[in-house]
Amino acid sequence: MPHTDLADERLAGLRQRLQGLAYGGDYNPEQWPADTWREDIHLMREAGVNLVTVGVFSWGLLEPRPGVFDFGWLDEVMDLLAEGGVRVDLATPTAAPPSWLAHEHPETLPVDAEGRKIAFGARVHFCPSSPVYRYHAARITERLAERYAGHPALAMWHVGNEYVGFGCHCPVSVAHFRRWLADRYGTVDALNDAWGTAFWGQRYDSFDHIGTPAARNRLVSGPNPGQLLDFARFSDTASLECFIAERDIIRRHTPDLPVTTNFMGSFKHLDYWRWAAAEDVVSLDIYAKPYDPEGQLLAAYNFDLMRSLRGGKPWLMLESATGNNLTGGRNSARPAGQLRVRSLQAVARGADSVMFFQWRASRAGAERFHSAMVPHGGTRTRTWREAVALGHDVARLADLVGGSCDPTDVAMLWDWENWWALEAPDHPSSDLKFTTGILDHYRPLWHANIPVDFAHPHADLSRYRLVIVPNLYLVDDAAADNITAYVRGGGHLLMSYFSGIVDQHDRVRPGGHPGAFRDLLGIDIDELNPLQIGEAYELHHAGHTGTATDWQDIILLNGAEPLATYTDGEQKGQPAATRHRFGTGTATYLGTSPDPETMHRLVLDCATGAGVTPVMDTPDGVEAVHRRAADGTDHLFLLNHTPEEAIVDLDPALSWSVDLLNGHAAVADRLRLPPFGAVVLRHKTH
Ligand code: GLA
């Protein structure tokens, strides 16, 4: 049976056990006396909690001395949770190796690019390549898996915690990197060619002479780009190997239970396309700041990314914050009522869970001021009351579990390798940021209620009406051919500047920019031209005048038509954006970074031209998203992210019935959403 079918079966089993969406959070009972555990379970029942993540950082307590195990407290907690009807997402505690491992095997501590050993004292202090770390991680994983396989509370597995892809520079990692390079290239000459070591006489005579890339302050000038990129790939792989080793141990003991590890959304150092393929379900930790005016937009794009990683299947929001999330600076409280709408937003965008870090606020430790479902003030607090009410809302949405979001018409390409290469040093501009480019294109779509998938550049794009490609600097031939074939076959493309520049080894494509896409776009770029800070030019697009900053490609038309034109400066009269008919599709190119209003117009112009329609019109700050129940019934989420009342007009032709959250059987054509209000309308089947 193919891998994905098995994953689907494991998830079906989880749904069966939970009987609805998952609601709960990280539960760290080892911080509390046993009496508190009983109170916890009582309160969990009150709040409708049905899943908790247990044991994430418990290694030092479960194995207090090497090979000496103490599962007593965890046995008791697991039994109490089972009795209370709360299921467990059991963690392998391997993100926090015990002090004895660091003390007896200091070689397991990672080393940074400047040669400094990371100290014990926080967490994630392990070298992912270390065989000693891997041996001990495998041993505790095996003991946990054999002990709790078959336990009635156990519902799924959570491997490690937030792998970070630490690029370790210790001797063990250097040796591992050399082996990885030898496997990848076969011969050192192939590596020399890929890394362009003929420049500055960097030629290697043997894989044994190669090191991990040194920190910039240990080099007299810029590092080798191929070496940097391969080290990023290698570091991702080294961490993924740790995940897979633990996953495989778990699978031997509990082949029917899903295995996941919690992702950090738009996180740079791990290629989550690869990670998602290695697990049964994608899960996310999201900490969009409550007071960030774009918090809900940032959350939405992370949710869309998670949904996209496994082709639109439901995913799990394993951690979020009931209130502040302690990210440094001033961590304001969440405004009253916002918790509900922000949580439901995840469900609207495909999550099968609403979960938090953490259940009960810690009294001690680094995160003692992080918010929790049970705050320091206990059940007398607003947060507790909101958490209980939210539990009831989540229960009302039980029909949605396992259901999907509708396929989207728009895809945005997302490639981690491009991210690594784009933000590497020694480029025409050091200010290009991968997620800025993504968000600049995502923002107009979010405000217009146009749903977006993210897709890998190798993915089948044929079902999308519009494909958006922000700053795809690094592109291999397969991806370039894929994008070109998409347009040739009738697709609509919006590509922005500094795309198609280098191959998969970060070597400039021959023949001038944008090397991979000159024919497709019908342009040549005479000069790549980052603008100085404060330098701005006027541009004209479809009767609108806007401003261009940051970048200004000097574009020569070679088949394309101008779409937007500069109206001042040296480039006056020259194209800022172009459009090219290619095959039976169109390729639009944006050679600058326009102001938000102009960007909005350009992106929506492309969407409209491609025949993309929004879910519906809503007042700004009100999000409209469709999600289906498992039986296919359509649901419309209307989410008011603003602290003001909002009025939404529904299309009377679409008959909605039953507001699942608020219990109204008949739905008026004009809805009043209170501040931070939410409704979930079910489509009338008959
Ligand atoms: C992450 C971790 C948690 C906790 C939260 C706090 O998501 O996985 O253990 O530290 O952050 O924000």
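The values are calculated or read from the model by the stated rules, or taken from the named source; none is laboratory data. Note that the structure is a prediction, hence the values are computed from the model and not measured. Cβ coordinates were reconstructed from backbone atoms using ideal geometry, including for glycine residues, and neighbour counts include every protein chain displayed. For accessibility, only protein heavy atoms count, side chains too; no ligands or nucleic acids. Shrake-Rupley method; radii C 1.70, N 1.55, O 1.52, S 1.80 Å.
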Quiz item: At a probe radius of 1.4 Å, what is the per-residue accessible area of residue 655, in Å² to the nearest 10?
Solution: 50 Å²
Quiz item: Under a 5 Å amide H to amide H cut-off, with H placed in plane at 1.01 Å, what residues pair with residue 323 once short-range neighbours are removed?
Solution: 371, 372
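For the chain, give the percent of accessible area contributed by carbon and sulfur heavy atoms, probe 1.4 Å, rounded to a whole number. Mind dumping the intermediate values first?
On the way: 13480 of 26640 Å².
Here it works out to 51 percent.
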Quiz item: Once both labels are modelled 7 Å past Cα along the beta-carbon direction, what's the residue 488-residue 277 spacing in nm?
Solution: 2.4 nm
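Could you tell me the convex hull volume per residue, in Å³, taken over the Cα atoms of the range 309-436?
Details: hull volume 20.9 nm³, N = 128.
Taking only Cα atoms, the range 309-436 has a hull volume of 164 Å³ per residue.
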Self-check item: Normalised alpha carbon radius of gyration of the range 166-207 [divisor 2.2 N^0.38 Å]
Solution: 1.22
Quiz item: Which three semi-axes in whole Å describe the equivalent ellipsoid of the range 86-242, each the square root of 5 times a Cα gyration tensor eigenvalue, listed largest first?
Solution: 36, 17, 13
Quiz item: For a paramagnetic label modelled at 7 Å from the Cα of residue 336 toward its Cβ, which residues of the range 344-376 fall within the zone defined by backbone nitrogen distances under 18 Å?
Solution: 375
Quiz item: For the range 6-101, with every protein chain kept in place, what is the accessible area per residue (1.4 Å probe, Å²)?
Solution: 34 Å²
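So in the chain, what percent of DSSP beta bridges are antiparallel if you round to the nearest 5?
Working: 50 of 92 bridges.
Bridges in the chain are about 55 percent antiparallel.
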Self-check item: the range 499-510 - phi-based ³J(HN,Hα) in whole Hz, Karplus 6.51/-1.76/1.60, Gly and Pro as x
Solution: 10, x, 8, 10, 8, 5, 9, 6, 9, 4, 6, x
Self-check item: Point-to-point label distance, residue 458-residue 526, nm (Cα→Cβ direction, 7 Å offset)
Solution: 3.9 nm
Quiz item: For the range 490-497, in order, what is each residue's ³J(HN,Hα) by Karplus, 6.51 cos²θ - 1.76 cosθ + 1.60 with θ = phi - 60°, in whole Hz (x at glycine and Pro)?
Solution: x, x, 10, 10, 10, 10, 10, 3
Exercise. For the range 513-578, count the residues as N, evaluate 2.2 N^0.38 Å, and divide the Cα radius of gyration by that value, please.
Key: 1.09
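Using the Cα atoms of the range 143-184 to build a convex hull, what is its mean projected area in square nanometres? Working shown, then result.
Details: hull surface 20.8 nm².
Orientation-averaged projected area of the Cα hull: 5.2 nm².
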Quiz item: How fast does the range 297-349 diffuse by Stokes-Einstein, in µm²/s, taking the Kirkwood radius from C-alpha pairs at 20 °C and 1.002 mPa s?
Solution: 173 µm²/s
Quiz prompt | Sequence-distant lysines (8 or more away, or on other chains) whose Cα lies within less than 28 Å of residue 684 | solution = 313
Quiz item: What is the set of long-range amide H partners of residue 558 at a cut-off below 5 Å, with H atoms built 1.01 Å from backbone N?
Solution: 523, 524
Exercise. Set the Förster distance to 45 Å, then compute FRET efficiency between residue 179 and residue 389 from the Cβ-Cβ distance, nearest 0.05.
Key: 0.25
Exercise. Send over a whole-number figure in Å² for the accessible area per residue of the range 571-675, probe 1.4 Å.
Key: 44 Å²
Practice problem: Show which aspartates and glutamates lie in cross-link reach of residue 268 when reach means a straight Cα distance below 12 angstrom and same-chain residues fewer than eight apart are skipped. | Solution: 236, 415, 417, 423
Quiz item: If each Cα of the range 1-142 is one equal point scatterer, what is log10 of I(q)/I(0) from the Debye formula at q = 0.13, 0.16, 0.19 Å⁻¹?
Solution: -0.72, -0.94, -1.09
Exercise. Please name whichever of 571, 660, 128 sits farthest to the positive end of the charge dipole of the chain, dipole taken about the Cα centre and charges placed at Cβ: Lys and Arg +1, Asp and Glu -1.
Key: 660
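Send over the semi-axes of the chain's equivalent ellipsoid, whole angstrom and largest first, taken as the square roots of 5 times the C-alpha gyration tensor eigenvalues. Provide the component values of the computation, followed by the final result.
Numbers: eigenvalues 339, 254, 89 Å².
In descending order the semi-axes read 41, 36, 21 Å.
Grab the other residues whose beta carbon is less than 13 angstrom from that of residue 569, score K and R as +1, D and E as -1, and report the net. Don't skip to the answer; put the middle values down first.
Values: positive: 572; negative: 535, 538, 568, 570.
So the surrounding residues net to -3.
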Quiz item: Out of residues 5 or more away from residue 412 or on other chains, whose amide H comes under 5 Å of its own, with H placed 1.01 Å from N in the peptide plane?
Solution: 453, 454, 455, 468
Exercise. Could you pull out every one of the aspartates and glutamates with an alpha carbon less than 19 Å from that of residue 117, ignoring same-chain neighbours closer than 8 positions?
Key: 104, 107
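Determine the per residue accessible area of the range 281-381 with all protein chains present and a 1.4 angstrom probe, expressed in square angstrom. Display every interim value, and only then the final one.
On the way: 3200 Å² over 101 residues.
Per-residue value: 32 Å².
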Quiz item: With helices defined as uninterrupted DSSP H runs, which ones in the chain have an alpha carbon span along their own long axis of at least 24 Å and mean Kyte-Doolittle hydropathy of at least -0.5?
Solution: 225-253
Exercise. For the range 86-98, take each phi angle, set θ = phi - 60°, evaluate the Karplus expression 6.51 cos²θ - 1.76 cosθ + 1.60, and give the result in whole Hz per residue in order, putting x for glycine and proline.
Key: 9, 8, 10, 9, 8, 9, 7, x, 7, 7, 9, x, x
Exercise. Mind giving me the nanometre distance, one decimal, between the label points for residue 547 and residue 644, set 7 Å out from Cα along Cα→Cβ?
Key: 2.4 nm
